[in-house]
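S.K.: First the structure, then my questions, so here it is.
The values are calculated or read from the model by the stated rules, or taken from the named source; none is laboratory data. This one's a predicted model, so the numbers in the text were calculated from it and none came from an experiment. Cβ placement follows ideal geometry from the backbone for every residue including glycine, while neighbour counts extend to all protein chains displayed. Accessible surface is based on the protein model in full, side chains and every heavy atom, while ligands, DNA and RNA are left aside. Shrake-Rupley method; radii C 1.70, N 1.55, O 1.52, S 1.80 Å.
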Amino acid sequence: MIASVAKYQRFSIVLVFLSAFVYFYIGYPLVRTDVTILISLYAIGFASFLGLIQLKKSSFWFLAGIAIAFRLIFIGSIPNLSQDFYRFIWDGRMLIEGWNPYLYLPNDLMASGTAPIAEAQELFNGMGNLSASHYTNYPPINQLCFAIAGFFSEKSIVGSVVVLRLLIILADIGTLYFGRKLLKRLGISVNNIWWYILNPFIIIELTGNLHFEGVMIFFVVWSLYLLHKGSWKLAAVVLALSVSVKLIPLIFLPIFFQWFTKHKASELSKNTFSTIWKGILKLLAFYGIVLATIVILFLPFLSQEFIENYQETVELWFQNFEFNASFYYIARWIGYETIGWNLIKDIGRVTPILVLIFVAGISLFRNNKDFHKTITALLFGLSFYFFTTTTMHPWYLATLLILSVFTNYRFTVVWSFMVIFSYTAYQNEGYAENLGFVALEYLIVYTFLIYELFLRKEKKVKIEAS
């Protein structure tokens, strides 16, 4: 018995060192065009992650410690799989200098020689023409994070990267804290949190590549915890903070309808109508607090020019950009075959309407009375959007992954592995998607999702019936 335990301990240590090597190599020597090396390392890291969860899932502090340690490996690395951080630093330094980043294009400032920030040329070169030719779309709390980096490191890109990375690591620690507490409240195994916190996808995409979905997710999980506790007013404020990092949680608002209006009414035998009416008023107040908080946070930047620029930038994501898409690529192919050109602008206009109809449908007609079902509805509402969007960058998946932690669904974990194949688009200098790998990614994800939705459910029913 003692020898067996020692063997498992040694194996766990081996997995920790393998993971550490993977994160070090991806963080420092790796070049983005080395796709074969990237995928191979990622596979090793993912296998190590699965092994550690199985061997040490009951050792909370051990897993929490190595999760933080893995993130700290990246502390001084310059992201080599994404260049978005250059725009983050640019926006933050603009704010520190008193300039509104929503009103100026980096291209225009560089062309006129009026960029008011240090290392402007390096940041401009790093962000690339696509970012430099569009107005920033990052909401106010995200901009605050950028400004903090600008405040503490006004003249060093590496210093700014360290500050941004520390903010994301702190957010992940917060997600671990509130996620664990919410799992306990829901009566779900707290070990589920490791599917998110220890996942190489999360560590590489958020801490390594400096994507602020991690900060948004911290506020989402905190808000869900507060909502389940009954602190709905504070939950509304915190949810607004998440929207003010990334706009995506706005899609969740309709799905809370039944949680406010029906879950308590279903427990009462009398005054049901009165309870539902009070719930509707509370829901409207919840929405009001969320929207009012968002408006207050945007107020320092508000102007007619800001509104026009921001609207233009948001529309671009629906009608101009395309990457790693699913059903959109099928619709695009149909457009080329039948009409002869890309229908992205038409599809981009229709997609938000389809998403709104789907979210409204699951909000009104699906049973979301208990919190497990509410979070499951959040998961599938957002999944539908990602399945139909024109642009599905890998880091977008992080929000689905954290929501799945509080459900019985694990297709997001499968996706968090398969999404690495989207980086094959960068295997040569420039950009060229390999649609074969995109098809492979979604074929496996959809196959597993269908299994979880239908086959696994049927098996469960058969077991219960027997």
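S.K.: In region 360-372, which residue that is closer than 17 Å to Leu226 by Cα and part of a helix (DSSP H, G or I) is least open to solvent (accessible area, probe 1.4 Å)?
M.R.: Selected residue: Phe371.
S.K.: Scanning region 329-349 for residues that are assigned to a loop (DSSP other than H, G, I, E, B) and open to solvent by less than 100 Å² (accessible area, probe 1.4 Å), which turns out modelled with the highest pLDDT? Steps first, please.
M.R.: At the first step, the residues of region 329-349 found to be assigned to a loop (DSSP other than H, G, I, E, B) are 339-343.
In the following step, the residues that additionally are open to solvent by less than 100 Å² (accessible area, probe 1.4 Å) were identified as 339-340, 342-343.
Working: Ile339: 84, Gly340: 77, Asn342: 77, Leu343: 78.
Here the answer is Ile339.
S.K.: If you take the residues in region 396-424 that are part of a helix (DSSP H, G or I) and among the aromatic types (Phe, Trp, Tyr), which one is nearest to Asn199 (Cα to Cα)?
M.R.: Taking region 396-424 and keeping what is part of a helix (DSSP H, G or I), we get 396-404, 411-424.
Remaining after also requiring among the aromatic types (Phe, Trp, Tyr): 396, 411, 415, 417, 421, 423.
Details: Tyr396: 15, Phe411: 14, Trp415: 12, Phe417: 9, Phe421: 16, Tyr423: 18 Å.
Among those residues, the one meeting the criterion is Phe417.
S.K.: Between a residue in region 8-35 that is open to solvent by 80 Å² or more (accessible area, probe 1.4 Å) and any residue that is among the acidic types (Asp, Glu), which pairs come within a Cβ distance under 6 Å, given they are 6 or more apart or on different chains?
M.R.: none
S.K.: Could you list, in sequence order, the residues of region 141-168 that are open to solvent by 10 Å² or more (accessible area, probe 1.4 Å) and in contact with a Phe, Trp or Tyr (Cβ under 9 Å, 6 or more places away or on another chain)?
M.R.: First, pick out the residues of region 141-168 that are open to solvent by 10 Å² or more (accessible area, probe 1.4 Å): 141, 144-145, 147-148, 151-159, 162-163, 166-167.
Those that are open to solvent by 10 Å² or more (accessible area, probe 1.4 Å) and in contact with a Phe, Trp or Tyr (Cβ under 9 Å, 6 or more places away or on another chain): Ile141, Cys145, Ile157, Gly159, Val162, Val163, Leu167.
S.K.: For Val245, all conditions in the list (1) part of a loop (DSSP other than H, G, I, E, B); (2) open to solvent by 10 Å² or more (accessible area, probe 1.4 Å) hold save one; what is the number of the exception?
M.R.: The one condition Val245 does not meet is (2).
S.K.: Something else: Of the residues in region 425-435, how many are assigned to a helix (DSSP H, G or I) and either of a type in the set (Phe, Trp, Tyr) or modelled with pLDDT of 95 or more (or both)?
M.R.: Going residue by residue through region 425-435, those that are assigned to a helix (DSSP H, G or I) are 425-426, 435.
Filter again for either of a type in the set (Phe, Trp, Tyr) or modelled with pLDDT of 95 or more (or both), leaving 426.
Of the residues in region 425-435, 1 are assigned to a helix (DSSP H, G or I) and either of a type in the set (Phe, Trp, Tyr) or modelled with pLDDT of 95 or more (or both).
S.K.: Here's another thing I want to ask about it. Could you go through region 74-85 and let me know if any residue there is in a helix (DSSP H, G or I) and of a type in the set (S, T, N, Q). Working first, answer last.
M.R.: Of the residues in region 74-85, the ones in a helix (DSSP H, G or I) are 84-85.
Filter once more, keeping what is of a type in the set (S, T, N, Q): none.
No, there is no match, as no residue in region 74-85 is in a helix (DSSP H, G or I) and of a type in the set (S, T, N, Q).
S.K.: Picking from Ala398, Ala439, Ala377, Ala425, which residue would you name as being open to solvent by 40 Å² or more (accessible area, probe 1.4 Å) and either over 27 Å from Phe260 (Cα atoms) or in contact (Cβ under 8 Å) with a residue 60 or more places away in the chain (or both)?
M.R.: Numbers: Ala398 fails: open to solvent by 40 Å² or more (accessible area, probe 1.4 Å); Ala377 fails: open to solvent by 40 Å² or more (accessible area, probe 1.4 Å); Ala425 fails: open to solvent by 40 Å² or more (accessible area, probe 1.4 Å).
Being open to solvent by 40 Å² or more (accessible area, probe 1.4 Å) and either over 27 Å from Phe260 (Cα atoms) or in contact (Cβ under 8 Å) with a residue 60 or more places away in the chain (or both) holds for just one of Ala398, Ala439, Ala377, Ala425, which is Ala439.
S.K.: Next question, about the same structure. Which residue is nearest to Leu130 (Cα to Cα), if the candidates are limited to region 310-328 and must be crowded, with 18+ Cβ neighbours inside 10 Å and touching an Asp or Glu at 6+ places or on another chain (Cβ under 8 Å)?
M.R.: By that ranking, first place goes to Asn324.
S.K.: Something else now. Which of the residues spanning region 60-74 are closer than 25 Å to Ser422 by Cα and open to solvent by 20 Å² or more (accessible area, probe 1.4 Å)?
M.R.: Within region 60-74, just Ile73 meets the criteria.
S.K.: Further, regarding this structure: Condition first: open to solvent by 10 Å² or more (accessible area, probe 1.4 Å) and among the polar types (S, T, N, Q). Now tell me which residues in region 380-395 satisfy that. Outline the logic, then answer.
M.R.: Initial filter on region 380-395 (open to solvent by 10 Å² or more (accessible area, probe 1.4 Å)): 380, 384-385, 387-388, 393, 395.
Across region 380-395, the qualifying residue is only Thr388.
S.K.: Kindly check whether there is at least one residue in region 114-129 that is over 22 Å from Ser77 (Cβ atoms), part of a helix (DSSP H, G or I) and at pLDDT below 95.
M.R.: Yes: region 114-129 contains one or more residues that are over 22 Å from Ser77 (Cβ atoms), part of a helix (DSSP H, G or I) and at pLDDT below 95.
S.K.: Looking at Ile307, Ile294, Ile276, can you tell me which residue is farther than 22 Å from Phe386 by Cβ, at pLDDT 90 or above and surrounded by 15 or more Cβ atoms within 10 Å (Cβ to Cβ)? Break it down into steps so the answer makes sense when it comes.
M.R.: Numbers: Ile307 fails: surrounded by 15 or more Cβ atoms within 10 Å (Cβ to Cβ); Ile276 fails: at pLDDT 90 or above.
Sole residue among the options that is farther than 22 Å from Phe386 by Cβ, at pLDDT 90 or above and surrounded by 15 or more Cβ atoms within 10 Å (Cβ to Cβ): Ile294.
S.K.: In this structure, does Leu210 turn out to be outside any helix (DSSP H, G or I), within 25 Å of Phe49 (Cα to Cα) and in contact (Cβ under 8 Å) with a residue 24 or more places away in the chain?
M.R.: In short, yes.
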